[in-house]
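J.: The structure under discussion is supplied below as C-alpha cells; questions concerning it will follow.
The values are calculated or read from the model by the stated rules, or taken from the named source; none is laboratory data. Fair warning: this is a prediction, and the values are worked out from it, not measured in the lab. Here the Cβ is made from the backbone with ideal geometry for all residues, glycine too, and neighbour counts use every protein chain on show.
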C-alpha cells in the first residue's frame, strides 16, 4: 500500500513538473481560415497575450481549404505534446455534421481547451442597394433561386448561417463557397454575390470605405458595437438567429497537465484589460470556460447544427 502511495505521489510530482516545464519552444497554432478573417483576427489578438504569459513565441499559421477540414485534420494528426494547437470557430461544429468523411472525429480526436470569444455575425450587402432586411427579402422572393450568397467554404459557419436565414425567411439562394472570408467579402463588393454572413471584425474595413452595408446581426442579441443595427429576428424573421464563436483545442492525448495550463493561461489572457479592450474594439465578448464546460458546449453546438443540417438538406461528401 505504501509503495502504491509513493508511486502515485511521484506521478503527481512528475506531472506538475512536466506542466511547469511546458513550454520550452515555439508553439504553432493552426487557424483553418484566411489571414484577416474573423477567426484569424481573434487568434492573433489572444495568442499575442498568451505568448507573453508563457514566455515562448506562438506562430499563427493559416491552413485554408475544404471548409477548414485541411487545417483541422493537420492538428488532429499532430503530436499531442502541446506544440501544435487549433483555433477554430463555429465551423468546427458545422463540419462535424456536414462532412460525411472529414478525416477526423470532432470529439475523439481533440482535447478541448476553452472557448475564446463570441462575435456578432453580420449580414453584408453592397452599399446603397437595400435600405432594410425586409427590402432584401422582398427582392429575394421576387427572384426565387436567382440570388446567391458567399461563404468561407462549403461546411463553414457562413454556409449554415445562410441556410438558416433562407429557411427562416422562406427564400432560396445559390451558395457560392470561396477560399476564405476576405475572398467572400470581395465577391459581395464586386456584385458577384448578393450577401454574406461574416464575423464583424472582417467586415469593419470594407464597411468603413462605404462599399458595403450591414443590414442585420444574425446573433441572438444586438451587438454593443452596432447598437442601431437590428438582429434578423428583430427585423421580423423568427428562428433566424445564428451565433458565432471561436474556440481553442489541442490534439487528443495531450497530457492533462498541459491542457490545464493552457486553459488557465488562456482564461487569464481573456481577462487581461488590454485584451478585453482589443476584443471590444472588434465587437467580441470573451467566453472563458473550463475544459469540461467547453467540451459540453461543443457537443451541444454539434447537436444544434446537426438539426439545421437535416432541415436544410446540406451534405458534403
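J.: Among the residues of the range 273-287, which ones are crowded, with 17+ Cβ neighbours inside 10 Å and at negative phi? Before you say what the answer is, go through the steps one by one.
T.: First, pick out the residues of the range 273-287 that are crowded, with 17+ Cβ neighbours inside 10 Å: 275, 278-279, 282-284, 286-287.
Within the range 273-287, 275, 278, 279, 282, 284, 286, 287 meet the criteria.
J.: Could you check how many residues of the range 89-115 are closer than 26 Å to residue 268 by Cα and out of contact with any helix residue (DSSP H, G or I) (no Cβ under 6 Å at 6 or more places or on another chain)?
T.: Count: 3.
J.: Are any residues in the range 193-217 without any contact (Cβ under 8 Å) to a residue 12 or more places away in the chain and either part of a helix (DSSP H, G or I) or surrounded by 20 or more Cβ atoms within 10 Å (Cβ to Cβ) (or both), and if so, which ones?
T.: Step one: of the range 193-217, the residues without any contact (Cβ under 8 Å) to a residue 12 or more places away in the chain are 205, 208-209.
Hits for the range 193-217 are 205, 208.
J.: So in the range 271-287, with the set limited to residues that are in contact with a helix residue (DSSP H, G or I) (Cβ under 6 Å, 6 or more places away or on another chain) and assigned to a helix (DSSP H, G or I), which one is farthest from residue 47 (Cα to Cα)? Even if it seems obvious, please write down each step before you answer.
T.: Residues of the range 271-287 that are in contact with a helix residue (DSSP H, G or I) (Cβ under 6 Å, 6 or more places away or on another chain), as a first pass: 272, 275, 278, 282-283, 286.
Now narrow it down to the ones that are assigned to a helix (DSSP H, G or I): 275, 278.
Details: 275: 10, 278: 12 Å.
Once the filter is applied, the top-ranked residue is 278.
J.: Restricting to the range 225-239, and then to whatever is touching a residue at least 40 places away in the same chain (Cβ under 8 Å) and out of contact with any strand residue (DSSP E or B) (no Cβ under 8 Å at 6 or more places or on another chain), can you tell me which residue is farthest from residue 164 (Cα to Cα)? I'd like the intermediate steps shown before the answer.
T.: Initial filter on the range 225-239 (touching a residue at least 40 places away in the same chain (Cβ under 8 Å)): 225-226, 229-230, 232, 235-239.
Within this subset, residues satisfying the condition of being out of contact with any strand residue (DSSP E or B) (no Cβ under 8 Å at 6 or more places or on another chain) are 225, 236-239.
Details: 225: 24, 236: 14, 237: 11, 238: 11, 239: 8 Å.
Once the filter is applied, the top-ranked residue is 225.
J.: Quick one: which strands (runs of 3 or more DSSP E) lie wholly within the range 79-188 and hold at least 1 residues that are modelled with pLDDT of 95 or more and crowded, with 24+ Cβ neighbours inside 10 Å?
T.: Once the strands (runs of 3 or more DSSP E) in the range 79-188 are filtered for at least 1 residues that are modelled with pLDDT of 95 or more and crowded, with 24+ Cβ neighbours inside 10 Å, what remains is 84-89, 110-119, 121-126, 148-151.
J.: Given the conditions (1) touching a helix residue (DSSP H, G or I) at 6+ places or on another chain (Cβ under 9 Å); (2) modelled with pLDDT of 95 or more, and given that residue 231 satisfies all but one, which numbered condition is not satisfied?
T.: Every listed condition holds for residue 231 apart from (1).
J.: Okay, next question. Identify, by number, the condition in (1) modelled with pLDDT under 85; (2) under 24 Å from residue 107 (Cβ atoms); (3) surrounded by fewer than 22 Cβ atoms within 10 Å (Cβ to Cβ) that residue 12 doesn't meet.
T.: (2)
J.: When the residues of the range 288-311 are narrowed to those that are surrounded by fewer than 18 Cβ atoms within 10 Å (Cβ to Cβ) and outside any helix (DSSP H, G or I), which ends up nearest to the chain's Cα centre (by Cα)?
T.: Out of the qualifying residues, it is 288.
J.: Before we move on, is residue 43 touching a residue at least 40 places away in the same chain (Cβ under 8 Å), closer than 25 Å to residue 242 by Cβ and either outside any strand (DSSP E or B) or in the same structural domain as residue 308 (by TED's automatic domain parsing) (or both)? Walk me through how you get there before you give the answer.
T.: Numbers: touching a residue at least 40 places away in the same chain (Cβ under 8 Å): yes; closer than 25 Å to residue 242 by Cβ: yes; either outside any strand (DSSP E or B) or in the same structural domain as residue 308 (by TED's automatic domain parsing) (or both): yes.
Yes: the conditions hold for residue 43.
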